[in-house]
Structures are given as structure tokens and as C-alpha cells.
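The values are calculated or read from the model by the stated rules, or taken from the named source; none is laboratory data. Here the structure is a predicted model, which is why all the values come from computation and not from measurement. Neighbour counts run over all protein chains shown; Cβ positions are idealised from the backbone, glycine included. We work out accessible area using only protein heavy atoms, side chains counted, and drop any ligands, DNA or RNA first. Shrake-Rupley method; radii C 1.70, N 1.55, O 1.52, S 1.80 Å.
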Amino acid sequence: MAEADGFDAFYRDTSRRLLRYAYGLTGDPAEAQDLLQEAYARAWQRWRRVSRYDDTEAWLRLVVTRLATDRWRHLGVRRARAAASRPPAPAAPPSEDTVLLVKAMRTLPAAHRRALALHYLLDRSVAEIAAETGATAGTVKSWLSRGRAGLAAALGDLVPQPVRGGSADVD
């Protein structure tokens, strides 16, 4: 327990200074916080050894410096790879049917859109949708039914309607 107390005291005494240092290296507050978090995690993993150093804060500054250097190195490699590779082929434009469907989906309430997307695009069952949304199975069935009806109304005569009466269904 004394180790944890020692690390906690070290963290409280040094974290603000080292955050300013990391920010000075990166110029980005979020990146500085990430670097510092990683450095403290490494210090905690080696705390028995690190706590015996003459200047533990200097060790941590060295870790932050190396992490920041590695970050810049990785960014440079990524940029070089991106510059050397061909740009991706342009994506084909969406079909007219896709555009009409998306436009029709936007007319639906959010709950209906979500239920339809989960059911038809991600193949989720009514029970799975109910669990994910926190709704009852009956509510999900209602959303699906009303969503389909809303889509049919929005799409008009683009959605084929089943033929009723006059002919027998053949299996």
C-alpha cells in the first residue's frame, strides 16, 4: 500500500508541471494528456524501480519526450506512405433507388428509422432491438410496422404492393 501512496503523491506533485511540458512538446492539449497518461502508466508498471531513481520526474520527462518523438516519427511515416500511394478510386455515386430510400427514411421519426436500420441493415431480431433500445418487443414491432408504412407512403408507387384477392398464392 505504501507503493500506491508514494505513486499517488508523486502524481499529485508532478502532473501539472509535466502536463505543461507535454503541451509544450506537442502543442495539442489532448495529445499532451494522452502522452502524459501513457507515461504515468509506464511509471506505475515500473514503480518499484522508478521510485528509487534520484530524479523520478526527470525519468518521466524522458518518457514523455520519447513518446512525443515517436508520435512525430509515426506521423511522418504515415504521411510518406500516403504521399507515395495512389489516391483511392472515386466511389460510384449512389443509385437513384438509394437516394429515394434515404430521402424517404429522413421523413420518418428517429425511433422508426433506428428500428428499421437495425432490423434490415444489421439483421437484428425484434428481441435484440428491444434490448439495445430499452423498449419492449411490442414497441419495436410497432416501430417497424409504422416505419414500413411511413416508407411506403413516402415512396408512393415505387414500392410494389401485394396483389389481394382474385388469385391463389402458389408455393
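With respect to (1) part of a helix (DSSP H, G or I); (2) of a type in the set (Phe, Trp, Tyr); (3) farther than 13 Å from LEU67 by Cα, the lone exception for TYR21 is condition (3).
Each row is one residue, and each column tells you yes or no for (1) under 27 Å from ARG73 (Cβ atoms); (2) touching a residue at least 60 places away in the same chain (Cβ under 8 Å); (3) open to solvent by less than 30 Å² (accessible area, probe 1.4 Å).
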{"residue": "PHE10", "(1), (2), (3)": "no, no, yes"}
{"residue": "LEU18", "(1), (2), (3)": "yes, no, yes"}
{"residue": "LEU25", "(1), (2), (3)": "yes, no, no"}
{"residue": "PRO29", "(1), (2), (3)": "yes, no, no"}
{"residue": "ALA32", "(1), (2), (3)": "yes, no, yes"}
{"residue": "LEU36", "(1), (2), (3)": "yes, no, yes"}
{"residue": "ALA43", "(1), (2), (3)": "yes, no, yes"}
{"residue": "TRP47", "(1), (2), (3)": "no, no, yes"}
{"residue": "THR56", "(1), (2), (3)": "yes, no, yes"}
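Quick check: is even one residue across the stretch 128-147 outside any helix (DSSP H, G or I), modelled with pLDDT of 90 or more, surrounded by 12 or more Cβ atoms within 10 Å (Cβ to Cβ) and under 21 Å from the mean Cα position of the chain (by Cα)?
no
For the stretch 71-84, does any single residue satisfy the condition of being assigned to a helix (DSSP H, G or I), closer than 26 Å to ASP13 by Cβ and free of Cβ contacts under 8 Å to residues at least 60 places away in the same chain? Yes; the residues of the stretch 71-84 include at least one that is assigned to a helix (DSSP H, G or I), closer than 26 Å to ASP13 by Cβ and free of Cβ contacts under 8 Å to residues at least 60 places away in the same chain. Residues in the stretch 68-124 that are of a type in the set (A, V, I, L, M) and closer than 30 Å to ALA22 by Cβ were compared, and the one that is least open to solvent (accessible area, probe 1.4 Å) is ALA68.
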